[in-house]
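Working notes for the structure below.
The values are calculated or read from the model by the stated rules, or taken from the named source; none is laboratory data. As the structure is a prediction and not an experimental result, all values here were calculated from the model. Cβ placement follows ideal geometry from the backbone for every residue including glycine, while neighbour counts extend to all protein chains displayed. Just the protein is used for accessible areas: all its heavy atoms, side chains included, with ligands, DNA and RNA removed. Shrake-Rupley method; radii C 1.70, N 1.55, O 1.52, S 1.80 Å.
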Amino acid sequence: MKNRIIVAMDVPSRKDAISLAKKLDPSLCRLKVGMELFTAAGPAVVEDLRNLGFDIFLDLKYHDIPDTVAGAIRSAAGLGVWMANIHCLGGRKIMEAAANAVPREVRLLIIGVTILTSMKVTDLREVGIDDDESSDPTFPMVRLAQLAKQSGLDGVVCSGQEAAAIRKATDDSFTLVTPGIRLPDGNKNDQARIVTPEMAIQSGASHLVVGRPITGAADPVAALHEFNNRIASVAN
Ligand code: C5P
């Protein structure tokens, strides 16, 4: 599979996004437009980045009632994005509404966020999400991923730490997108459940979201090459 890195464009303006994208290369990565950039620059920036040749993952993590989420997915499809996402914690009805929002011929991947990679077990317990009696920390994520698959979603966003368990509980066609990727000596920033690019691929990840380790590097293209080389060293 080519182009497994999705660079997170977590920048505050259209100008910053275009200048960063021009340093990258659509044959080496796809781009993720998240809430910071989309809130500042709106749909126009998606068009700008598409015009530079990039596939776009619109990472707005919709979490609302089913009809509202379905409408948002239709709007995302209208922007010509490659992938969009919702929160699995919205439950089966919003996942089904999202999966059925656009005809299958519209080639838009719709994936669900299981549990944010910034959350640890203690954070989950605090909001009432407990691991099961066997104390398996991957349990809530695997259960949400199975529900996402049953509901017709194309895949999930999950941590590389539970990707292997989710891959085992679903199948090879299910898209696993893993953020929280760091080089062994990299800065964790606000992430908690992190893995290296090699570990993510070996655990069954389809795509890796990488933000600050590339966008904050002195030479973003060199950093992108390093991530791609590490992936190639372990990929089939
Ligand atoms: O800079 P860093 O590599 O930590 O960026 C990770 C990106 O992935 C951010 O844009 C963040 O919003 C996103 N993300 C995440 N965890 C999720 C879903 C998305 O970190 N579960």
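Remarks
- Long pairs among Lys15/Lys61; Lys32/Lys93; Lys93/Lys168; Lys2/Lys188, criterion Cα-Cα beyond 32 Å: none
- Between the beta carbons of Ala232 and Lys61, assuming R0 = 45 Å, the FRET efficiency works out to 0.90 to the nearest 0.05.
- The chain - percent relative contact order, Cα under 8 Å, separation 6 or more: 18 percent
- Computed [θ] at 222 nm, deg cm²/dmol, the chain (DSSP H ≥ 4; -39,500 (n - 2.57); rounded to nearest 500): -12000 deg cm²/dmol
- Stretchable slack from Leu52 to Lys188, in nm (0.36 nm times residue separation minus alpha-carbon distance): 45.9 nm
- On the range 5-230, 50 percent of the accessible area sits on carbon and sulfur atoms, based on a 1.4 Å probe.
- Förster radius 41 Å - calculated FRET efficiency between Lys15 and Arg92, Cβ distance, rounded to 0.05: 0.50
- Residues whose placed amide H lies under 5 Å from that of Ile5, excluding near-sequence neighbours: Arg30, Leu208
- Note on the range 79-110 and the range 177-210: Cα centroid distance 24 Å, given to the nearest whole angstrom.
- Each of the peptides 193-201, 172-180 was scored by the mean count of other Cβ atoms within 10 Å over its residues; in descending order, highest first, they stand as 193-201, 172-180.
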